[in-house]
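The values are calculated or read from the model by the stated rules, or taken from the named source; none is laboratory data. Everything numeric in this text was worked out from a predicted model, so none of it was measured. Every residue, glycine as well, gets a Cβ built from its backbone with ideal geometry; the counts of neighbours run over all protein chains shown. Accessible surface is based on the protein model in full, side chains and every heavy atom, while ligands, DNA and RNA are left aside. Shrake-Rupley method; radii C 1.70, N 1.55, O 1.52, S 1.80 Å.
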Amino acid sequence: MHKGIAVSPGVVVGVVHRVESVFGSGEPVGLHDRAMIPAEIERFDRAVKLSSDELHAIVQKVGQELGEAEAAIFRTHMTIVQDQGLLAKVRALIETQSLTALSGLQMVLQDYAATFARHEHEFFRERLADIRDVISRIGSHLSLSPVPAPAPASIGEEPGPNGDDPVILVAHEILPSQAMSLGTLPIAGIVTETGGGTSHVAILSRSRGIPAVSGCVGISADVRSGDTIIVDGRDGVVLVRPDPETIAAYRKMQREFFNLKDRLVSNRDQPAASADGVPVELLANINNLSDAHSAVQVGAAGVGLFRTEYLFLTHQDVPDEEEQYEHYRQMIAASPTRAVTIRTLDLGGDKTVPYLGRRNEANPFMGWRSIRLSFEHPRLFERQIRAILRAGKHGKVNMLFPMITTLEELRHVNKLVEESRRNLRREGVPFGEDVKTGVMVEVPAAAVCIDALLRETDFISIGSNDLIQYLVAADRDNAKVAHLCEPLSPAIFKVLHMVLDACRRTGTPVTVCGEMAGQPRSVLVLFGMGLRRFSMSPAFVPTIKAVLNAVTTAQAERFAHQVLQLKTSEEIRSYLNARLHEVSSDLEMFDFT
Ligand code: PEP
Ligand code: MG
């Protein structure tokens, strides 16, 4: 049994499919047969060619869109991908040691790392970062080129006998770009060694309703593709090669989970309201078109958070204004009631794209991310603001700014939006005149100075994922400090109470769009504190509707009042466990963390 962090609820029994990583800590992998060597070299050469073509296109586009200085990084990468010495080393390892191309790349990278480690100088560290980037680019093409595909199975389907068992991905780490391509694979569970409850892979697995466990240290070394495995995403347990009795017990639980889920989806046309009839808005967090479709299926009232960075993450180079406009327009058309809150670029931290600078900060989450990065790239930022304003013609659109820390930043952003409106008007380009602008409250400084911000913004959205990590000074993706990133804690509830109260006093519309908004125990408290707008992964909408249907306002207010008196997370947790049980024991299955 392995214990990790529960990041997406549900239970699944399935077979392991290991995702190998270029930078994985695993032993070198050999080819089964020396006869495979020529084909493996060919596969490697193809991956190099694809990487080289890709870099060529990036140099052109980044040069035009961002400037020559930014493109210079990729010129360096072009020289690395064409470096015959490096390529020859990998080919030699495949040939002489029968290694897979991926393992060959990994060994060459280790070689360079060992050589460069002897140099203190920043220059060598940067060269190593470049080599690592290029190797990872080639590696990602290799891992996408034909490797044995997981056995087909559909998510949510009742598992059949062993051969048809659903596929469970086991990986050291899943990168954002890989996570996006998961959308096309028939995956029923995910287990990773790294990451925490709000990492991108956690968010993506929740949006697809796939049980997942992160921070499961040592799991990669313990499993092989084809092993039977159980993922219990409610309390973060993974069972490897379990005995038949355990499998039978978990299969039963899995059936119950899916049955309950199906039953809940049938509440899509019921009103979203508390037991005493107070209406609430249940909105969806979406990253792509398939999330927008899920949002419609579960009966969400609109989209409370559209994370635009996934467009940038999956794009080879910088998407221009027209591409963005078209993408946003499609997203609005596909979303429930065409009501969409579009968040401007929130890259950096755990989500990086090579064309916006290299990743060598000591503290990326505290560094050059999100709105700070947009401010540094004014042309890029302007293009996004214009694209969102233009898309505003096609629905009820809000524009949301992430990571606002100071009033100066808010004023600057407001000025930029005003300028873009003026320019569009002058150019005669149609745009949505009634697009509202809002601030994400996810930095403690913004929460503390909330009154000043509320005077100069139309609405706010509380990003509890980041707010928690910054409040407790614990990286949300670091499994070692995951116990501190705890939503059910006195400090978090005190801050949320303060912000919600300020919004109530000023009549400012407020949403919570962090993962708390999809967690039944937190929702009981937030509703009791007066929150009426919740934005969550589409998969959680039916559950949260059922939770709110089962509680009265007076009850929830009492819970919130009581929680604010409690001193420790443990007290809050056990208090809320009892309350959730009281309100609806069925729904305990859907809570996690
Ligand atoms: C948050 O921080 O709570 C949030 C919703 O944004 P993200 O998870 O994309 O950082
Ligand atoms: Mg955030």
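Counting Lys and Arg as +1 and Asp and Glu as -1, each charge on the Cβ, what is the dipole of the chain about the Cα centre in debye, to the nearest 20? Could you put the intermediate results ahead of the total?
On the way: 62 positive and 73 negative charges, 222 e Å.
Rounded to the nearest 20 debye, it is 1060 debye.
Apply the Karplus curve 6.51 cos²θ - 1.76 cosθ + 1.60, θ = phi - 60°, to the phi angles in region 298-303 and return the couplings in whole Hz, x for Gly and Pro.
8, x, 5, 7, x, 10
Cβ neighbours within 10 Å, averaged per peptide: list 341-347, 94-100, 273-279 in order, most packed at the top. Intermediate values should be presented prior to the final figure.
Numbers: 341-347: 23.4, 94-100: 17.4, 273-279: 13.3.
Per-residue mean Cβ counts within 10 Å order the peptides as 341-347, 94-100, 273-279.
Of the accessible area of the chain, with the probe set at 1.4 angstrom, what percent is carbon plus sulfur?
Numbers: 13140 of 24290 Å².
C and S fraction of accessible area: 54 percent.
What value, in deg cm²/dmol to 500, does the helix sum -39500 (n - 2.57) over DSSP H runs of n ≥ 4 give at 222 nm once divided by the residues of the chain? List each step's numbers first, then the result.
Details: 23 runs with 286 residues, N = 593.
Computed mean residue ellipticity for the chain: -15000 deg cm²/dmol.
Show the residues, 5+ positions off or on another chain, whose built amide H is closer than 5 Å to the amide H of Val441.
Under 5 Å from the amide H of Val441: Ser461, Ile462, Gly463.
Output wanted: per-residue J couplings in Hz (rounded whole) for region 574-582, from phi through Karplus 6.51 cos²θ - 1.76 cosθ + 1.60, θ = phi - 60°, x for Gly and Pro.
Karplus-based 3J(HN,Hα) across region 574-582 equals 6, 4, 6, 4, 5, 5, 5, 4, 4 Hz.
At R0 = 35 Å, how high is the FRET efficiency between Asp53 and Asp235 if r is their beta carbon distance? Nearest 0.05 is fine.
Numbers: r = 46 Å, r/R0 = 1.32.
Plugging the Cβ-Cβ distance into 1/(1 + (r/R0)^6) gives 0.15.
Could you tell me, in Å, what Rg and Dmax come out for the Cα atoms of region 34-144?
Cα radius of gyration and Dmax of region 34-144 are 14.8, 47 Å respectively.
Just want the answer: with Cβ charges of +1 for Lys and Arg and -1 for Asp and Glu, which residue in Ile219, Pro166, Gly530 is farthest toward the dipole's positive end in the chain?
Gly530
Expressed as cubic angstrom per residue, what is the convex hull volume of the alpha carbon set of region 372-526? Kindly include the intermediate steps, with their values, before the conclusion.
Values: hull volume 19.3 nm³, N = 155.
Each residue corresponds to 124 Å³ of Cα convex hull volume.
Whose amide H sits under 5 Å from the amide H of Gly236, counting only residues 5 or more places off or on another chain, with H placed in the peptide plane?
Under 5 Å from the amide H of Gly236 lie the amide H atoms of Ala6, each far enough along the sequence or on another chain.
Give the lysines reachable from Lys89 as a straight Cα distance under 21 Å; neighbours fewer than 8 places away on the same chain don't count.
Partners found: Lys49.
Calculate, in nm to one decimal, what Lys436 and Thr568 gain on full extension: separation in residues at 0.36 nm each, minus their alpha carbon distance.
Fully extending the segment from Lys436 to Thr568 adds 43.7 nm.
Can you list the lysines whose alpha carbon sits under 16 Å from that of Lys494, skipping same-chain ones fewer than 8 residues off?
Within the straight-line limit of under 16 Å, Lys494 reaches these lysines: Lys567.
I'd like the Karplus ³J(HN,Hα) series for region 284-297: coefficients 6.51, -1.76, 1.60, θ = phi - 60°, whole numbers in Hz, and an x wherever there's a Gly or Pro.
Couplings: 10, 8, 10, 10, 7, 4, 5, 5, 4, 5, 4, 4, 5, 4 Hz.
Leaving out ligands, DNA and RNA but keeping every protein chain, what accessible area does Tyr575 have, in Å² rounded to the nearest 10, with a 1.4 Å probe?
Looks like 40 Å² after rounding.
Trypsin sites (Lys or Arg not before Pro) within region 255-333: which are DSSP loop residues with at most 16 other Cβ atoms inside 10 Å?
Details: sites: Arg255, Lys261, Arg263, Arg268, Arg307, Arg329; in loops: Arg268.
Here the sparse-neighbourhood loop sites are Arg268.
Quick check for you: with a 1.4 Å probe and neighbouring chains kept, what is the accessible area per residue of the chain, in Å²?
Working: 24290 Å² over 593 residues.
Here the per-residue accessible area is 41 Å².
Within 10 Å, count the other beta carbons around each residue, average over each peptide in 132-138, 204-210, 76-82, 515-521, and list them highest first. Working shown, then result.
Numbers: 132-138: 22.0, 204-210: 24.6, 76-82: 17.9, 515-521: 27.1.
Going from most to least packed, we get 515-521, 204-210, 132-138, 76-82.
Could you pull out every one of the lysines with an alpha carbon less than 25 Å from that of Lys415, ignoring same-chain neighbours closer than 8 positions?
Lys393, Lys396, Lys436
Could you state the orientation-averaged shadow area of the convex hull built on the Cα atoms of the chain, in nm² to one decimal?
Values: hull surface 107.6 nm².
If I average the Cα hull's projected area over directions, I get 26.9 nm².
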